[in-house]
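Asker: The structure follows.
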Amino acid sequence: MTTSASATSGVRVRFSPAPTGYLHVGSARSALFNWLYARHTGGTFIVRVEDTDTDRSRPELTEAIFDALRTLGLDWDETYHQSDRFDLYRTAADRFLDEGRAYRCDCTQDEVKARAEARGGTPGYDGHCRDRDVAPGEGVVVRFCTPDEGTTAWDDLIRDRVEFENTHLEDFVIVRSNGVPMFLLANAIDDIDMGITHVVRGEDLVNTTPKVLLLREALGDTEPPLYAHLPLIVNEQRKKLSKRRDDVNVADYLARGFLPEAMVNYLATLGWGAPDGVEIRPVAEIVEQFELSDIGKSPAMFDIKKLEHFNGEYVRALSVDEFTERATPFISGSDVPWPTESFDPARFAALAPVVQERVKTLDEVPLLVDWLFCADAPDDPDSWAKEMGKAHAVAVLDSAIAAVQVAGEWDADRVRAIVEGAAVDAGLVNAEGNPQLSKAQAPVRVATLGRSKGLPLFESLALLGRDETHRRLAAARARV
RNA sequence: GCCCCCAUCGUCCAGCGGCCUAGGACGCCUCCCUUUCAAGGAGGUAACACGGGUUCGAAUCCCGUUGGGGGUACCA
């Protein structure tokens with residue numbers, strides 16, 4: 001193994017969330033890739049909160065984003081809030097004004113739009129106020145003067161050369177009419193100020209890159225960072241994941257019982273693949289193998305099925321104790337299908353190993369053990385209809401009820417013997433005369449555990465107890 | 001409309017001019033194991049968008065077409 005660079009590698013990357021929503025799957029992936037690169041190179045991972053939109057930014061969302069990052073294990077080395085740095089941006093804007101690199105504009109958005117339409121459909125600002133020498137005042141913004149010719153380009157680490165003709169860049173706003181600086185300005189200044197060496201972010205931001213590059217140039221910068229624009233994460237319709245129509249909140253996935261480490265591992269496979277092809281692996285190995293140059297260019301679909309598979313692998317890899325600990329919030333909370341006081345950790349512990357093998361996400365746990373803590377067998381109409389309608393159901397139940405009633409010993413072997421006996425009594429024997437357990441266990445299972453599928457029957461009933469098993473069997477028999 | 005980007009199995013990733021009759025993973029299907037369901041094991045299904053070049057040779061390079069996506073705010 002090649003040792004990664006030391007902590008003095010000089011690589012400085014940042015994740016720049018806007019606190020206008022919770023941590024989004026796409027943002028999490030951006031954060032992850034930045035973090036991976038920083039850790040791989042021994043560089044510095046910075047979280048910079050881009051809260052220049054004072055109307056929409058909410059402090060509590062910043063905290064929620066931090067929490068999610070921490071839960072995912074994406075620790076960072078430095079924290080900044082752009083709202084603490086407005087003076088810096090304003091000073092730069094004033095200098096631009098003095099130098100003639102920017103100008104004030106009092107056009108309303110309607111005016112800009114109307115002129116664009118009159119011009120022939122091409123949206124964008126037309127430079128109307130460039131030479132009007134507008135005085136500061138109400139409704140006045142500051143616009144950056146973009147070149148009328150030439151091109152702005154960069155060699156993207158993922159996309160190779162990307163070029164924009166300056167003619168297509170409008171004179172964009174850098175300071176709002178309320179005096180608050182815009183993200184492009186803040187972004188350009190901060191990247192310089194914080195010594196950012198690599199900008200790793202979503203492809204949805206490519207078109208802002210030439211503007212930032214122009215701003216940096218005006219700021220006197222001669223050494224722009226290396227840009228790496230990540231392919232977007234899309235939904236099944238191949239559209240960018242959006243909070244309107246897709247499940248994108250990372251916290252929601254965690255609440256549904258996806259393990260943070262599984263989430264991180266899965267996210268790492270979106271747009272990136274390890275050189276050796278191994279997909280499921282410890283994050284430390286991903287850190288070791290991660291290279292920006294190995295990132296693909298095309299959009300990746302967020303495949304919940306594959307995420308579930310990853311999660312199942314991670315769940316099964318847990319020790320039973322860890323599994324129990326992680327599952328606890330899902331079985332001892334208040335929104336559980338049984339009276340909270342009837343939950344018994346000791347009885348759950350007896351089931352934990354077989355439950356662990358069967359769940360993909362932790363929120364599936366209650367459905368596998370509810371029969372143990374609920375007063376009656378859970379009612380599942382589909383299972384009932386499927387098994388209790390069969391010809392042998394009544395015979396099996398009658399036989400089982402009678403046998404359970406007189407059973408002395410009560411353990412899994414005893415239950416098995418009872419089910420075997422019921423099979424024979426119901427005529428469920430194969431050509432060799434052996435009892436057909438598959439068929440015989442079905443009605444017993446539905447009568448006691450409520451569903452046609454679930455945990456191993458014999459062990460489950462051993463735990464349920466003889467009397468309760470008998471009671472449920474009788475209740476089901478009466479209902480058939 | 002204009003600008004930018006993308007294009008290998010249904011999906012994710014590999015392939016970076018000959019090792020490709022295209023590989024791995026998820027999903028799906030079949031079989032095995034089996035008290036149900038999972039898990040596990042063994043198989044199987046399925047792709048280089050199209051058209052031109054370049055080259056002895058192209059999934060790999062170039063151009064075009066088509067398709068898809070992103071952007072086009074006093075959001076980031």
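Asker: What do you reckon, is A:Val180 open to solvent by less than 20 Å² (accessible area, probe 1.4 Å), of a type in the set (Val, Ile, Thr) and either at pLDDT below 95 or farther than 23 Å from A:Gly220 by Cβ (or both)?
Answerer: Here the answer is yes, as A:Val180 does meet what is asked.
Asker: Given the condition over 18 Å from A:Leu267 (Cβ atoms), of a type in the set (A, V, I, L, M) and part of a helix (DSSP H, G or I), answer yes or no: does some residue in the range A:221-234 qualify?
Answerer: Checking the range A:221-234: not a single residue is over 18 Å from A:Leu267 (Cβ atoms), of a type in the set (A, V, I, L, M) and part of a helix (DSSP H, G or I).
Asker: Can you go through A:Asp171, A:Asp191, A:Asp204, A:Asp160 and tell me which one is within 14 Å of RNA strand B (Cβ to nearest atom), touching a Cys at 6+ places or on another chain (Cβ under 9 Å) and not small (Gly, Ala, Ser)?
Answerer: Being within 14 Å of RNA strand B (Cβ to nearest atom), touching a Cys at 6+ places or on another chain (Cβ under 9 Å) and not small (Gly, Ala, Ser) holds for just one of A:Asp171, A:Asp191, A:Asp204, A:Asp160, which is A:Asp171.
Asker: Considering only the range A:197-205, I want to know if a residue exists there that is part of a helix (DSSP H, G or I), open to solvent by 40 Å² or more (accessible area, probe 1.4 Å) and touching a Lys or Arg at 6+ places or on another chain (Cβ under 7 Å).
Answerer: Yes, some residue in the range A:197-205 is part of a helix (DSSP H, G or I), open to solvent by 40 Å² or more (accessible area, probe 1.4 Å) and touching a Lys or Arg at 6+ places or on another chain (Cβ under 7 Å).
Asker: Would you confirm whether or not the range A:107-115 contains a residue that is near RNA strand B (Cβ under 9 Å from one of its atoms) and assigned to a loop (DSSP other than H, G, I, E, B)?
Answerer: Yes, that holds for at least one residue.
Asker: Out of (1) at pLDDT 95 or above; (2) within 12 Å of RNA strand B (Cβ to nearest atom); (3) within 29 Å of A:Glu217 (Cα to Cα); (4) assigned to a helix (DSSP H, G or I), the odd one out for A:Ile65 is which?
Answerer: Result: A:Ile65 passes all but (3).
Asker: Follow-up. Is one or more of the residues making up the range A:79-92 outside any loop (DSSP other than H, G, I, E, B) and within 30 Å of A:Pro282 (Cα to Cα)?
Answerer: Yes, the conditions are met somewhere in the range A:79-92.
Asker: On the given criteria, is A:Asp221 within 13 Å of RNA strand B (Cβ to nearest atom), free of Cβ contacts under 8 Å to residues at least 60 places away in the same chain and either out of contact with any helix residue (DSSP H, G or I) (no Cβ under 7 Å at 6 or more places or on another chain) or open to solvent by 20 Å² or more (accessible area, probe 1.4 Å) (or both)?
Answerer: no
Asker: When only residues in the range A:242-275 that are within 9 Å of RNA strand B (Cβ to nearest atom) and either part of a loop (DSSP other than H, G, I, E, B) or charged (D, E, K, R) (or both) count, which is surrounded by the most Cβ atoms within 10 Å (Cβ to Cβ)?
Answerer: Ranking the candidates gives A:Leu270 first.
Asker: Just the residues that are outside any helix (DSSP H, G or I), within 19 Å of the chain's Cα centre (by Cα) and within 12 Å of RNA strand B (Cβ to nearest atom), please, taken from the range A:20-62.
Answerer: A:Thr20, A:Gly21, A:His24, listed by residue number.
Asker: Let me ask another. Among the numbered conditions (1) within 30 Å of A:Leu464 (Cβ to Cβ); (2) at pLDDT below 95, tell me where A:Cys374 comes up short.
Answerer: (2)
Asker: OK, next. Show me the helices (runs of 4 or more DSSP H) found entirely inside the range A:398-480 where at least 1 residues are without any contact (Cβ under 8 Å) to a residue 40 or more places away in the chain and either open to solvent by 60 Å² or more (accessible area, probe 1.4 Å) or among the aromatic types (Phe, Trp, Tyr) (or both).
Answerer: The qualifying helices (runs of 4 or more DSSP H) are A:412-425, A:437-449, A:466-479.
Asker: Find all pairs meeting these conditions: Cβ atoms under 8 angstrom apart; at least six residues apart or on different chains; first residue within the range A:161-176 and touching a residue at least 12 places away in the same chain (Cβ under 8 Å); second residue near RNA strand B (Cβ under 8 Å from one of its atoms) and open to solvent by 70 Å² or more (accessible area, probe 1.4 Å).
Answerer: Final answer for the pair search is A:Phe164/A:Asn207.
Asker: A further question follows. I need a count of the residues in the range A:365-384 that are part of a helix (DSSP H, G or I) and either touching a residue at least 40 places away in the same chain (Cβ under 8 Å) or open to solvent by 30 Å² or more (accessible area, probe 1.4 Å) (or both).
Answerer: Matching residues across the range A:365-384 total 11.
The values are calculated or read from the model by the stated rules, or taken from the named source; none is laboratory data. Keep in mind that this is a model prediction, so the values were computed, not measured. Glycine gets a Cβ as well: all are built from the backbone with ideal geometry, and neighbour counts include every protein chain shown. The protein model used for the area step is the full one, side chains on, heavy atoms only, and it has no ligands, DNA or RNA in it. Shrake-Rupley method; radii C 1.70, N 1.55, O 1.52, S 1.80 Å.
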